[in-house]
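The values are calculated or read from the model by the stated rules, or taken from the named source; none is laboratory data. Since this is a predicted model, take the numbers as computed values, not measurements. Glycine gets a Cβ as well: all are built from the backbone with ideal geometry, and neighbour counts include every protein chain shown. Heads up: the accessible areas ignore ligands, DNA and RNA and are worked out on the full protein's heavy atoms, side chains in. Shrake-Rupley method; radii C 1.70, N 1.55, O 1.52, S 1.80 Å.
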Amino acid sequence: MSLDTSLEPQEQAWNDRPLLRRLYLEWYRTLADRLSPVAGRSIEVGSGIGKLRLVTGGRVVLTDVERTRWIDEQVDALHLPYEDGSLANIVMVDVFHHLADPGRFLDEATRSLAPGGRLLMVEPYCSPVSTFLYTRFHHERTDLSADEFAVDQVSASAPMESNQAIPTLAFYKHRRETLGRWASLSLVEEERFAFVLYPLSGGFSRRPLVPAWLYTPLRGVERLLTPLAPALAFRCLVVLQRTLSVSS
(Lines give C-alpha, C1' and ligand atoms only; values in the text may rest on other atoms or scores of the structure.)
Protein backbone atom coordinates (compact mmCIF):
# COMPACT_ATOMS: atom_id res chain seq x y z
CA MET A 1 0.00 0.00 0.00
CA SER A 2 1.32 3.44 -0.91
CA LEU A 3 1.90 6.08 1.76
CA ASP A 4 -0.67 8.26 0.04
CA THR A 5 -3.33 5.58 0.49
CA SER A 6 -2.22 4.78 4.04
CA LEU A 7 -2.74 8.42 5.04
CA GLU A 8 -6.29 8.70 3.75
CA PRO A 9 -7.83 7.63 7.11
CA GLN A 10 -5.84 10.43 8.80
CA GLU A 11 -7.24 12.96 6.35
CA GLN A 12 -10.74 11.69 7.08
CA ALA A 13 -10.17 11.83 10.83
CA TRP A 14 -8.88 15.40 10.52
CA ASN A 15 -12.00 16.44 8.62
CA ASP A 16 -14.39 14.67 11.00
CA ARG A 17 -12.90 15.53 14.43
CA PRO A 18 -12.85 19.22 15.44
CA LEU A 19 -11.24 18.49 18.82
CA LEU A 20 -8.36 16.68 17.13
CA ARG A 21 -7.91 19.55 14.68
CA ARG A 22 -7.82 22.11 17.47
CA LEU A 23 -5.18 20.15 19.38
CA TYR A 24 -2.86 19.72 16.42
CA LEU A 25 -3.25 23.32 15.30
CA GLU A 26 -2.23 24.36 18.82
CA TRP A 27 0.86 22.15 18.55
CA TYR A 28 1.68 23.53 15.10
CA ARG A 29 1.49 27.08 16.43
CA THR A 30 3.80 26.11 19.29
CA LEU A 31 6.37 24.86 16.76
CA ALA A 32 5.94 27.86 14.44
CA ASP A 33 6.56 30.27 17.32
CA ARG A 34 9.91 28.57 17.99
CA LEU A 35 11.34 28.50 14.47
CA SER A 36 14.87 29.85 14.22
CA PRO A 37 15.22 33.14 12.32
CA VAL A 38 18.63 32.25 10.84
CA ALA A 39 19.05 32.24 7.05
CA GLY A 40 18.21 29.06 5.19
CA ARG A 41 15.33 26.84 4.16
CA SER A 42 12.92 25.43 6.72
CA ILE A 43 11.52 21.95 6.09
CA GLU A 44 9.11 19.55 7.72
CA VAL A 45 10.04 15.88 7.39
CA GLY A 46 7.28 13.28 7.44
CA SER A 47 4.61 15.87 6.67
CA GLY A 48 1.83 13.32 6.37
CA ILE A 49 -1.42 15.06 5.45
CA GLY A 50 0.34 18.43 5.39
CA LYS A 51 -1.64 20.40 7.96
CA LEU A 52 1.38 22.29 9.28
CA ARG A 53 0.87 24.49 6.21
CA LEU A 54 -2.33 25.87 7.79
CA VAL A 55 -0.12 27.62 10.35
CA THR A 56 3.20 28.23 8.57
CA GLY A 57 1.95 28.92 5.04
CA GLY A 58 4.89 28.87 2.65
CA ARG A 59 7.55 29.38 5.32
CA VAL A 60 8.14 25.63 5.71
CA VAL A 61 8.63 23.19 2.83
CA LEU A 62 6.58 20.03 3.37
CA THR A 63 8.34 16.74 2.61
CA ASP A 64 7.83 13.01 3.03
CA VAL A 65 9.62 9.79 2.19
CA GLU A 66 7.19 9.10 -0.68
CA ARG A 67 5.47 11.44 -3.09
CA THR A 68 1.94 12.19 -1.85
CA ARG A 69 -0.76 14.71 -2.72
CA TRP A 70 0.02 16.82 0.36
CA ILE A 71 3.75 17.54 0.11
CA ASP A 72 6.08 19.86 -1.80
CA GLU A 73 9.13 17.58 -2.11
CA GLN A 74 10.00 13.91 -1.68
CA VAL A 75 12.78 13.63 0.91
CA ASP A 76 14.26 10.71 2.85
CA ALA A 77 14.94 11.88 6.42
CA LEU A 78 17.91 9.50 6.63
CA HIS A 79 19.53 10.97 3.50
CA LEU A 80 18.70 14.68 3.57
CA PRO A 81 19.46 16.16 0.12
CA TYR A 82 20.71 19.47 1.48
CA GLU A 83 24.15 21.05 1.66
CA ASP A 84 26.00 21.26 4.94
CA GLY A 85 24.76 24.12 7.11
CA SER A 86 21.99 25.09 4.70
CA LEU A 87 18.80 24.54 6.73
CA ALA A 88 17.32 26.98 9.22
CA ASN A 89 14.77 24.55 10.69
CA ILE A 90 13.75 20.91 10.57
CA VAL A 91 10.24 20.34 11.92
CA MET A 92 8.78 16.94 12.88
CA VAL A 93 5.37 16.01 14.25
CA ASP A 94 4.95 12.35 15.20
CA VAL A 95 7.87 11.34 12.97
CA PHE A 96 11.02 10.73 15.04
CA HIS A 97 9.57 7.55 16.55
CA HIS A 98 8.86 6.19 13.05
CA LEU A 99 12.46 6.50 11.81
CA ALA A 100 14.25 3.23 11.16
CA ASP A 101 17.59 4.77 12.15
CA PRO A 102 17.14 7.77 14.50
CA GLY A 103 20.89 8.08 14.99
CA ARG A 104 21.54 8.51 11.29
CA PHE A 105 18.81 11.13 11.16
CA LEU A 106 20.44 13.10 13.98
CA ASP A 107 23.73 12.89 12.08
CA GLU A 108 22.00 14.28 8.99
CA ALA A 109 20.21 16.99 10.95
CA THR A 110 23.47 18.08 12.59
CA ARG A 111 25.20 18.20 9.21
CA SER A 112 22.50 20.11 7.33
CA LEU A 113 21.43 22.64 9.98
CA ALA A 114 23.00 26.08 9.87
CA PRO A 115 24.63 27.41 13.04
CA GLY A 116 21.70 28.56 15.16
CA GLY A 117 19.31 26.37 13.15
CA ARG A 118 16.80 24.24 15.00
CA LEU A 119 15.38 20.73 15.06
CA LEU A 120 11.86 20.98 16.51
CA MET A 121 9.57 18.06 17.25
CA VAL A 122 6.33 17.06 18.93
CA GLU A 123 6.37 13.37 19.80
CA PRO A 124 4.70 10.78 22.04
CA TYR A 125 5.90 10.80 25.64
CA CYS A 126 5.84 7.67 27.79
CA SER A 127 4.76 8.63 31.29
CA PRO A 128 3.46 5.94 33.65
CA VAL A 129 -0.13 6.80 32.70
CA SER A 130 0.40 7.14 28.95
CA THR A 131 2.55 4.00 28.76
CA PHE A 132 -0.20 1.97 30.42
CA LEU A 133 -2.75 3.24 27.89
CA TYR A 134 -0.46 3.21 24.85
CA THR A 135 0.47 -0.43 25.38
CA ARG A 136 -3.15 -1.52 25.77
CA PHE A 137 -5.15 0.70 23.44
CA HIS A 138 -2.82 2.13 20.78
CA HIS A 139 -1.95 0.28 17.59
CA GLU A 140 1.68 1.47 17.55
CA ARG A 141 4.38 -0.39 19.47
CA THR A 142 5.56 1.10 22.77
CA ASP A 143 8.74 -0.64 23.96
CA LEU A 144 10.76 1.14 26.65
CA SER A 145 13.29 -1.71 26.72
CA ALA A 146 14.43 -1.03 23.15
CA ASP A 147 17.76 0.48 22.13
CA GLU A 148 16.60 3.83 20.80
CA PHE A 149 19.44 4.09 18.30
CA ALA A 150 19.44 0.54 16.99
CA VAL A 151 18.36 0.22 13.36
CA ASP A 152 14.76 -0.99 13.21
CA GLN A 153 14.41 -3.24 10.17
CA VAL A 154 10.62 -3.28 10.46
CA SER A 155 10.38 0.51 10.24
CA ALA A 156 12.91 0.48 7.42
CA SER A 157 10.52 -1.46 5.19
CA ALA A 158 7.25 0.15 6.39
CA PRO A 159 7.17 3.93 7.10
CA MET A 160 4.04 3.68 9.26
CA GLU A 161 5.69 1.24 11.71
CA SER A 162 7.13 2.73 14.89
CA ASN A 163 8.13 2.53 18.52
CA GLN A 164 6.46 5.33 20.47
CA ALA A 165 9.02 5.01 23.27
CA ILE A 166 11.96 6.23 21.16
CA PRO A 167 11.62 9.98 21.94
CA THR A 168 11.28 9.30 25.67
CA LEU A 169 14.36 7.10 25.64
CA ALA A 170 16.46 9.48 23.53
CA PHE A 171 15.53 12.83 25.06
CA TYR A 172 14.48 12.00 28.62
CA LYS A 173 15.73 8.69 30.02
CA HIS A 174 19.05 8.80 28.13
CA ARG A 175 19.27 12.55 27.47
CA ARG A 176 22.84 12.95 28.71
CA GLU A 177 24.08 10.17 26.43
CA THR A 178 22.18 11.56 23.43
CA LEU A 179 23.44 15.11 23.87
CA GLY A 180 26.94 13.81 24.48
CA ARG A 181 26.90 11.84 21.24
CA TRP A 182 25.51 14.79 19.25
CA ALA A 183 27.39 17.52 21.07
CA SER A 184 26.72 20.05 18.30
CA LEU A 185 23.03 19.96 19.21
CA SER A 186 22.00 21.73 22.39
CA LEU A 187 18.63 21.31 24.09
CA VAL A 188 17.00 24.74 24.25
CA GLU A 189 13.51 23.67 25.31
CA GLU A 190 11.52 20.62 26.29
CA GLU A 191 8.02 20.25 27.66
CA ARG A 192 5.81 17.34 28.59
CA PHE A 193 2.12 17.99 28.03
CA ALA A 194 -1.23 16.59 26.82
CA PHE A 195 -2.65 15.00 29.97
CA VAL A 196 -6.39 14.88 29.28
CA LEU A 197 -7.39 16.41 25.95
CA TYR A 198 -5.28 14.25 23.69
CA PRO A 199 -6.37 10.84 25.04
CA LEU A 200 -10.00 11.98 25.16
CA SER A 201 -9.76 13.20 21.55
CA GLY A 202 -9.17 9.64 20.37
CA GLY A 203 -6.25 10.78 18.24
CA PHE A 204 -6.33 9.73 14.61
CA SER A 205 -7.14 6.08 15.25
CA ARG A 206 -10.04 6.06 17.75
CA ARG A 207 -13.34 7.83 18.17
CA PRO A 208 -13.37 10.93 20.42
CA LEU A 209 -14.68 10.39 23.95
CA VAL A 210 -15.83 13.98 24.55
CA PRO A 211 -17.46 16.69 22.39
CA ALA A 212 -15.35 19.48 20.95
CA TRP A 213 -17.04 22.16 23.07
CA LEU A 214 -15.29 20.75 26.15
CA TYR A 215 -11.91 21.90 24.81
CA THR A 216 -11.81 25.12 26.86
CA PRO A 217 -12.73 23.68 30.28
CA LEU A 218 -10.48 20.66 29.76
CA ARG A 219 -7.64 22.98 28.74
CA GLY A 220 -8.04 24.61 32.14
CA VAL A 221 -7.81 21.21 33.80
CA GLU A 222 -4.59 20.54 31.89
CA ARG A 223 -3.03 23.75 33.19
CA LEU A 224 -3.82 22.68 36.74
CA LEU A 225 -2.19 19.29 36.12
CA THR A 226 1.07 20.74 34.73
CA PRO A 227 3.10 19.93 37.91
CA LEU A 228 2.22 16.27 37.35
CA ALA A 229 3.52 16.23 33.78
CA PRO A 230 6.18 13.53 34.32
CA ALA A 231 3.48 11.14 35.54
CA LEU A 232 0.63 12.04 33.17
CA ALA A 233 1.95 13.40 29.86
CA PHE A 234 1.11 11.80 26.52
CA ARG A 235 3.22 14.18 24.42
CA CYS A 236 6.48 16.09 24.50
CA LEU A 237 8.01 19.08 22.77
CA VAL A 238 11.75 18.93 22.07
CA VAL A 239 13.71 21.82 20.54
CA LEU A 240 17.39 21.29 19.70
CA GLN A 241 19.65 23.99 18.31
CA ARG A 242 22.81 23.65 16.24
CA THR A 243 25.72 25.26 18.05
CA LEU A 244 27.12 28.41 16.51
CA SER A 245 30.45 26.81 15.65
CA VAL A 246 30.18 24.39 12.73
CA SER A 247 33.51 22.85 13.72
CA SER A 248 32.31 22.02 17.27
Problem set entry | Label point at D33 placed 7 Å out along Cα→Cβ; residues across segment 83-99 whose backbone nitrogen lies under 20 Å | 89-94
Exercise. Separation of segment 208-230 and segment 45-94 by C-alpha centroid, Å?
Worked result: 30
For this session: Note down the relative contact order for segment 1-69 as a percent, whole number, built from C-alpha pairs under 8 angstrom at least six residues apart.
Result: 37
Exercise. To the nearest 10 square angstrom, what accessible area does T216 show with a 1.4 Å probe?
Worked result: 90
Seminar exercise, completed: Taking segment 123-245, the whole-percent share of alpha-carbon pairs separated by over 23 angstrom is 39
For this session: Taking all pairs of distinct Cα atoms, average 1/r, flip it, and tell me the Kirkwood hydrodynamic radius of segment 201-248 in Å to one decimal place.
Result: 14.2
Exercise. How much net charge surrounds V188 when only other residues with a Cβ under 15 Å from its Cβ are counted (Lys, Arg +1; Asp, Glu -1)?
Worked result: 0
Exercise. Which residues' amide hydrogens lie under 5 Å from the amide hydrogen of E44, considering only partners 5 or more residues apart or on another chain, with H built in the peptide plane?
Worked result: V61, L62, T63, V91
Exercise. How much accessible area per residue does the chain have, in Å², with a 1.4 Å probe?
Worked result: 46
For this session: Calculate how large, on average over all directions, the projected area of the Cα convex hull of segment 11-118 is; give the answer in nm² to one decimal.
Result: 6.6
Seminar exercise, completed: In whole percent, the fraction of accessible protein surface over segment 40-139 that belongs to carbon or sulfur atoms, probe radius 1.4 Å, stands at 51
Exercise. Under the rule of -39500 (n - 2.57) per DSSP H run of 4 or more residues, summed and divided by the residues of the chain, what mean residue ellipticity at 222 nm is obtained, to the nearest 500 deg cm²/dmol?
Worked result: -9000 deg cm²/dmol
Exercise. Tell me, what are the semi-axes, in whole angstrom and largest first, of the equivalent ellipsoid of the chain as set by the roots of 5 times the Cα gyration tensor eigenvalues?
Worked result: 27, 21, 19
